[in-house]
Amino acid sequence: MLLTNKQAERYLRHLIIPEIGEIGQKKLLDSSVIICGESTEEITIPALYLAAMGVGNIFCILSDNRGCASLFADVIDLNGDVRISESDERRSADCRIIAGSSRFVSEAALSAGSERNFIPTVVCVSERWRGMLQVFNDINSLRAFAETLEVCSRTNASFSFALALGWAACAVEAVKVCVNLCDGNNKILSYDLLHMNFVSYGKNEQERAINNEAQKLSEARVLIVGAGGLGSPAAIALAMAGVGTIGLADSDIIEASNLNRQILHRETRIGMLKAESARMSLGKINPHIRINTHVEYLSRENVNEIIKDYDIVVAAVDNFQTRYLLNDACFLMKKPLVEAGVLKFDGTATTIIPEKGHCYRCLYPNLNERIINPPEKGILGAIPGVMGFIEAAEVFKIITGTGTLLKNKIILFDGTDMQFDCIDMDKNPVCPLCGSNPTITHV
Ligand SMILES: [Zn+2]
């Protein structure tokens with residue numbers, strides 16, 4: 001036995017994935033990962049997921065380390081197998097993660113070690129809505145990448161179409177200044193030539209838009225059904241984004257085998273109601289929001305009563321009965337439903353807008369066509385993180401009316417290839433719920 005009984009219980013969902021098993025889990029426990037980030041808040045999510053999955057040693061390099069003692073205490077509370085501390089640039093480890101804005105990533109990557117002691121490095125560069133991720137196995141390609149990034153942030157690439165357009169637009173503005181044609185509104189132009197998106201707004205307009213967004217978020221009421229693997233990341237993101245009322249429906253209690261992925265919970269809370277533990281964690285993340293708990297198993301009898309006070313429902317459940325129940329109830333009560341599922345290294349997500357897009361039954365008309373009670377399935381801990389954050393992004397877009405939803409679309413995520421496919425879905429005209437002759441008219 002490589003693992004203790006307690007560890008075997010905690011990492012159960014990893015042990016039943018053949019690609020990981022007991023040997024892989026033992027390797028993870030002996031591994032060290034460095035996280036480089038700008039602030040404690042930014043590294044909260046990777047620190048919690050690495051700890052949940054049982055990466056034994058976590059070293060943090062932070063530009064701003066305020067609040068890190070509290071995060072470290074939380075991480076150890078989640079998994080006592082894990083050690084976490086601050087570190088310096090010279091430390092060796094099995095892997096390094098660098099994530100943040102292009103400026104930060106570029107600086108951090110350029111100072112990341114030498115050829116002799118190179119550590120495989122996972123890099124994520126991200127703006128608010130766009131990001132890219134790559135794994136580097138040698139210092140030269142990492143440096144080359146970092147240099148292009150730095151060049152990009154100075155908008156001075158070998159030939160930048162965006163910069164060419166920018167220069168011409170600057171010339172237009174300069175002429176307007178010279179001949180007094182500027183309206184003094186300080187307009188900001190944001191563009192993406194690759195996708196031909198152009199947005200132009202005044203400075204006041206931008207402030208108004210941000211206030212408007214904050215207002216809409218604070219007034220929104222979102223119900224998350226399931227405070228587990230998917231519910232954890234979805235709830236954390238929505239709390240951080242400032243959604244005013246978050247409801248959590250879950251009647252389960254925390255077990256050791258949940259802790260490899262359910263980052264809302266802690267080891268010291270094993271045996272506590274998940275809804276209660278989630279409320280504790282979310283209250284710490286954002287004390288200004290309202291959190292309702294519904295400690296009931298969702299059924300035909302109570303579903304309408306529970307969802308009626310919410311604007312949007314997030315399905316973060318692990319069984320098909322509840323999926324169908326939420327699909328039907330949300331359709332009949334005209335509530336948008338954001339849906340996701342996970343298995344091993346894979347995930348799916350979709351958004352159901354009643355009458356405007358497909359529903360779950362368009363794809364699988366009846367419950368008995370699916371496996372009703374699948375055996376315990378393996379799930380790599382951070383996979384539901386990926387899918388739960390997609391669900392939260394969908395909720396944000398529904399609330400603020402921005403962007404493109406996964407309406408009539410399904411995302412299929414394959415974590416072994418780090419590949420996302422977005423498949424188009426059609427509304428099924430003979431769907432028993434949303435088709436032209438429905439046979440389901442109540443839950
Ligand atoms: Zn349908």
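Only one of the numbered conditions (1) open to solvent by 50 Å² or more (accessible area, probe 1.4 Å); (2) touching a residue at least 12 places away in the same chain (Cβ under 8 Å) is violated by GLY226, and that is (1).
When SER160, SER153, SER141 are screened for being within 30 Å of PRO120 (Cβ to Cβ), among the polar types (S, T, N, Q) and either in contact with an Asp or Glu (Cβ under 9 Å, 6 or more places away or on another chain) or modelled with pLDDT under 80 (or both), only SER153 passes. One residue stands out in the stretch 391-443 among those that are outside any loop (DSSP other than H, G, I, E, B) and β-branched (Val, Ile, Thr): the one that is least open to solvent (accessible area, probe 1.4 Å), namely VAL395. The set of residues in the stretch 108-138 that are modelled with pLDDT of 90 or more and crowded, with 18+ Cβ neighbours inside 10 Å comprises ALA108, ALA109, ILE119, THR121, VAL123, VAL125, PHE136. Of the residues making up the stretch 248-268, those that are open to solvent by less than 10 Å² (accessible area, probe 1.4 Å) and not in a loop (DSSP other than H, G, I, E, B) number 2. All told, GLY271 meets the bar of being free of Cβ contacts under 8 Å to residues at least 40 places away in the same chain, open to solvent by 10 Å² or more (accessible area, probe 1.4 Å) and either at positive phi or assigned to a strand (DSSP E or B) (or both). Figure legend. Inter-residue proximity from the stretch 186-200: first residues free of Cβ contacts under 8 Å to residues at least 24 places away in the same chain and more than 17 Å from GLY403 (Cα to Cα), second residues part of a strand (DSSP E or B) and open to solvent by 100 Å² or more (accessible area, probe 1.4 Å), beta-carbon distance below 9 Å, spacing 6+ or different chains. Indicated pairs: LEU189/PHE198. Just wondering, is there one or more residues in the stretch 16-31 that are open to solvent by less than 20 Å² (accessible area, probe 1.4 Å), under 23 Å from the mean Cα position of the chain (by Cα) and over 30 Å from LEU149 (Cα atoms)? Yes, the conditions are met somewhere in the stretch 16-31. Of the residues screened, ILE236 is not one that is in the same structural domain as LYS397 (by TED's automatic domain parsing) and assigned to a strand (DSSP E or B). Within the stretch 82-107, being open to solvent by less than 60 Å² (accessible area, probe 1.4 Å) and within 30 Å of LYS6 (Cβ to Cβ) holds for VAL82, ILE84, SER85, SER87, ALA93, CYS95, ARG96, ILE97.
Among the candidates SER200, SER218, SER232, the residue that is open to solvent by less than 50 Å² (accessible area, probe 1.4 Å) and either under 29 Å from the mean Cα position of the chain (by Cα) or among the small types (Gly, Ala, Ser) (or both) is uniquely SER232.
Scanning the stretch 345-355 for residues that are touching a Pro at 6+ places or on another chain (Cβ under 8 Å), of a type in the set (A, V, I, L, M, F, W, C), in the same structural domain as ILE390 (by TED's automatic domain parsing) and within 16 Å of PRO432 (Cα to Cα) turns up at least one hit.
The residue that is surrounded by the fewest Cβ atoms within 10 Å (Cβ to Cβ), among those in the stretch 290-311 that are of a type in the set (A, V, I, L, M) and in contact with a strand residue (DSSP E or B) (Cβ under 7 Å, 6 or more places away or on another chain), is VAL295.
The residue list PRO336, PRO287 contains one member that is open to solvent by 10 Å² or more (accessible area, probe 1.4 Å) and touching a Cys at 6+ places or on another chain (Cβ under 8 Å), which is PRO336. Only a single criterion out of (1) within 20 Å of CYS362 (Cα to Cα); (2) more than 13 Å from the ligand (Cβ to nearest atom); (3) touching a residue at least 40 places away in the same chain (Cβ under 8 Å); (4) out of contact with any Phe, Trp or Tyr (no Cβ under 9 Å at 6 or more places or on another chain) is not satisfied by CYS422, namely (3).
The values are calculated or read from the model by the stated rules, or taken from the named source; none is laboratory data. Because the structure is predicted, anything quoted here is derived from the model rather than measured. Quick reminder, even Gly has a Cβ in these numbers, built from the backbone with ideal geometry, and neighbours come from all protein chains shown. Heads up: the accessible areas ignore ligands, DNA and RNA and are worked out on the full protein's heavy atoms, side chains in. Shrake-Rupley method; radii C 1.70, N 1.55, O 1.52, S 1.80 Å.
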